[in-house]
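To start, the structure under review is shown below, and the notes come after it.
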Amino acid sequence: MSNLFTMCFIENNNQLLLQKRTKKPFIGLWNAPGGKVEAYESPIEACKREVQEETGLDLGKVHFRGIITVTNKSRKRSD
């Protein structure tokens, strides 16, 4: 399983495309289109594929803007 994901921010006329999540986790929250990077593709290829799958948009030129590191570790608390 890949640990690399894309988050694709699409701007048009000062508007940002967001989607309301319909699946777990984070149902009902807003997020940018994106998803897993497959073993055979670059992050830019994955961005284009995920945006097409999720929105139907075919992106032309994509600009890489940076890397975000997210950790999601469950910790048991002793109360």
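The values are calculated or read from the model by the stated rules, or taken from the named source; none is laboratory data. Given the structure is predicted, the values throughout are model-derived calculations rather than measurements. Cβ atoms come from the backbone with ideal geometry, glycine included; neighbour counts cover every protein chain shown. When the accessible area is computed, the model is the full protein with side chains, heavy atoms only, and any ligands, DNA or RNA have been set aside. Shrake-Rupley method; radii C 1.70, N 1.55, O 1.52, S 1.80 Å.
Using the crude model of +1 on Lys and Arg Cβ and -1 on Asp and Glu Cβ, and no other charge, please compute the dipole size for segment 5-58 relative to its Cα centre, in debye to 20.
With only Lys, Arg, Asp and Glu charged at Cβ, the dipole is about 360 debye.
Per residue, how much accessible surface does segment 1-55 expose to a 1.4 Å probe? Answer in Å², no decimals.
78
Ignoring any ligand, DNA or RNA, what whole percent of the accessible area of the chain comes from carbon and sulfur when the probe is 1.4 angstrom?
Within the chain, the accessible surface is 51 percent carbon and sulfur.
For Leu57 paired with Lys36, estimate the spin-label separation in nm (one decimal), with each label point 7 Å from Cα along the Cα-to-Cβ line.
For the pair Leu57/Lys36, the computed spacing is 2.4 nm.
Rounded if a/c is under 1.5, else prolate if a/b is larger than b/c, else oblate: which is the chain, with a ≥ b ≥ c the root eigenvalues of its Cα gyration tensor? If you can, show how the numbers build up before the last one.
Details: a/c = 2.08, a/b = 1.53, b/c = 1.36.
Note, shape of the chain comes out prolate.
Against the longest alpha carbon principal axis of the chain, how many degrees, from 0 to 90 and to the nearest 10, is the axis of helix 43-55 turned?
Taking the Cα atoms of the chain, the angle to 43-55 is about 90 degrees.
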